[in-house]
Amino acid sequence: MFDPKTHCVVVVGAQWGDEGKGKLVDVLAEQADIVVRYQGGANAGHTVVIGDSQFVLHQIPSGILHSRCICMVGNGVVLDPETFFTELDALAARDVATAGRLFVSERAHLVMPYHKLLDVASEKSQQLGTTGRGIGPTYEDKYGRRGIRVGDLRHLETARAQLTERVARANRLLGLMGVAERASLPQHIDLIERLAPRVLPLTCDTGLLVYRSLKEGRRVLLEGAQGALLDVDHGTYPFVTSSNTTAGGAAVGAGIGPTAVDGVLGVVKAYTTRVGNGPLPTEAEPVAAEELRRLGDEFGATTGRPRRCGWFDATVVRFSVRVNGLTGLAVTKLDVLDSFAEIPVGTAYVLDGDACGEMPADVRALERVKPRFEILPGWRRPTSGARRLADLPAEARAYVDRLQDLAGAPIRYVSVGSRRDQIIQV
Ligand code: GDP
């Protein structure tokens, strides 16, 4: 993706998340100087496999696994300090040195324990399938202009006063929601007092650093979390996350202008999964879904929840190409389909008897659509050893070509296994 004219690349999920962005970021980070997370929080989980080691990262950009990469948590992220430092300690325990190459935006908002209590309480009534990690309530506070930002920890006296008011407010809300549990102010004060000395040395204006680095000709990778169909504007609302996961959010969340972005890579699975509630039009019938789940190990990296599984949905990916302005696609987990004799691909929808080539905005309409399937022949041979397109069985190659035609964007990578080297660059 990087070349002399392409210095700033965004990697986004082009379906419902869990597409394998962590692996692609890991592969691309090899060529990048800087990796920035731009939205979401500890509800995202990227899994990166290096040799026999597996790293699951929720808050720290997966570029941290490349020793020459500088990593940043951008202003658009909501930072869960407990998870952040647990992850940082786990990296240190495995000899991944992070000193001097991990920065946190002073503008990023903090996820506090009271946000988690509110998240769990509202999930009981709303049933949106959130992870209960406090992400939604933190973004609500951000847009309600009552959030606490990382930079606020520089003035602990003010931060304590802010917290006193916010904890009292959260407890009033918990009362209204009929929940018995209450947030403890001393626990919150203790948390920020413990946290401030650790996070402040990492804190800076990350947008300025990215801007200057781009001016100096460095290569920057902007790492998204979740997927386009979970974007608060473009996703299957209300079954969405609380941030803009699409590429437009990358500029805002990293603190640079949109004209700085040179390329956008959309990561798609060779099939489709979704975790949590909401429509999944190409969901497979139970036996095939179970097979996809087993072969693809489709269980959430953050929550362990089984993912719902279905076939590739071209309407979703076409939509994603449009709303993200994708300049390339990375198809992952092709190897998961190796044993299927036939592979259905959803080419379009039928809505109330009429052909429908675009994603409906209304989730109730999406629940009613019937996908049109095209059945492609399987290849029934392993693909995980392929390193060039020419190494793939003819049917697998035809499958990839068909996905490209239906999606309307060029495929730049095909991933055939979880390991770093199991990738085909097109
Ligand atoms: P992310 O949040 O988009 O990074 O996705 P996850 O990390 O939740 O899920 C991707 C999972 O698929 C991880 O366990 C990866 O190691 C694994 N993975 C990524 N690419 C491939 C692939 O091409 N084949 C297989 N079998 N697994 C893959």
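Run the dipole for segment 214-344 about the Cα centre, Lys and Arg Cβ at +1, Asp and Glu Cβ at -1, nothing else charged, and hand back the magnitude in debye, nearest 20. Mind dumping the intermediate values first?
On the way: 13 positive and 15 negative charges, 77 e Å.
It comes to approximately 380 debye.
In the chain, if the dipole is taken from +1 on Lys/Arg beta carbons and -1 on Asp/Glu beta carbons about the Cα centre, which of 213, 51, 316 is farthest to the positive end?
Of the listed residues, the answer is 213.
Please state the equivalent ellipsoid semi-axes for segment 1-141: what are the square roots of 5 times the Cα gyration tensor eigenvalues, largest first, in whole Å?
They are 27, 17, 15 Å, listed largest first.
In the chain, what percent of the accessible surface is made up of carbon and sulfur (1.4 Å probe, ligands and nucleic acids excluded)?
51 percent
In the chain, with Lys and Arg counted as +1 and Asp and Glu as -1 at Cβ, which of these residues, 120, 40, 414, has the Cα nearest the positive end of the dipole, that is, farthest along it?
Most positive-ward Cα: 40.
Which whole-number value in Å² is the accessible area per residue of segment 323-426, probe 1.4 Å?
47 Å²
Just need the relative contact order of segment 205-338 here, percent rounded to a whole number, with Cα pairs under 8 Å and 6+ apart.
After rounding, I find 26 percent.
How much of residue 375 can a 1.4 Å solvent probe reach, expressed as accessible area in Å² and rounded to 10?
Probe radius 1.4 Å; accessible area of residue 375 about 100 Å².
Mind ranking 26, 89, 152, 233 by accessible surface for me, highest first, 1.4 Å probe?
Numbers: 26 5, 89 75, 152 45, 233 105 Å².
Accessible-area ranking of 26, 89, 152, 233, largest first: 233, 89, 152, 26.
With axes computed from alpha carbons, what is the tilt in degrees of helix 286-296 against the longest principal axis of the chain, rounded to the nearest 10 within 0 to 90?
Compared with the principal axis, the helix lies near 70 degrees.
Roughly how many debye, to the nearest 20, is the charge dipole of the chain about its Cα centre, given +1 on each Lys and Arg Cβ, -1 on each Asp and Glu Cβ, and no other charges?
640 debye
Using amide H atoms built 1.01 Å from N in the peptide plane, name the residues 5+ places from residue 50, or on other chains, whose amide H lies under 5 Å from its own.
Result for residue 50 returns 55.
Of all DSSP beta bridges in the chain, what percent run antiparallel (nearest 5)?
Working: 26 of 62 bridges.
Given both bridge residues lie in the chain, the antiparallel proportion sits at roughly 40 percent.
Projected onto the charge dipole of the chain (+1 at Lys/Arg Cβ, -1 at Asp/Glu Cβ, origin at the Cα centre), which of 334, 91, 187 gives the Cα projection farthest towards the positive end?
Selected residue: 187.
Ranked by accessible surface with a 1.4 Å probe, highest first, in what order do 204, 309 come?
Of 204, 309, the descending order of accessible area is 204, 309.
Looking only at segment 231-264, which residues have a backbone nitrogen under 16 Å from a spot 7 Å from the Cα of residue 126 in the C-beta direction?
Once the point is set 7 Å along Cα→Cβ of residue 126, 231-245 turn out to lie under 16 Å by backbone N, inside segment 231-264.
Taking a probe of 1.4 angstrom, what is the accessible area of residue 160 in Å², to the nearest 10?
60 Å²
Using the alpha-carbon atoms, what tilt in degrees (0 to 90, nearest 10) does helix 156-176 show relative to the longest principal axis of the chain?
Between helix and principal axis, roughly 60 degrees.
Keeping all protein chains in the complex and leaving out DNA, RNA and ligands, what accessible area do you get for residue 149 with a 1.4 Å probe, in Å² to the nearest 10?
Probe radius 1.4 Å; accessible area of residue 149 about 90 Å².
Taking the Cα centre of segment 1-80 as the origin, how large is its charge dipole in debye, to the nearest 20, when only Lys and Arg (+1) and Asp and Glu (-1) carry charge on their Cβ atoms?
Value, rounded to 20: 160 debye.
Using only DSSP helix segments of four residues or longer, with each worth -39500 (n - 2.57), what per-residue ellipticity at 222 nm results for the chain after dividing by its residue count and rounding to 500? Mind showing how you got there, number by number?
Values: 12 runs with 140 residues, N = 426.
Taken over the chain, the calculation gives -10000 deg cm²/dmol.
The values are calculated or read from the model by the stated rules, or taken from the named source; none is laboratory data. None of these values were measured; they are calculated from a predicted model. In this analysis, Cβ positions are derived from the backbone assuming ideal geometry, glycine residues included, and neighbour counts consider all displayed protein chains. When the accessible area is computed, the model is the full protein with side chains, heavy atoms only, and any ligands, DNA or RNA have been set aside. Shrake-Rupley method; radii C 1.70, N 1.55, O 1.52, S 1.80 Å.
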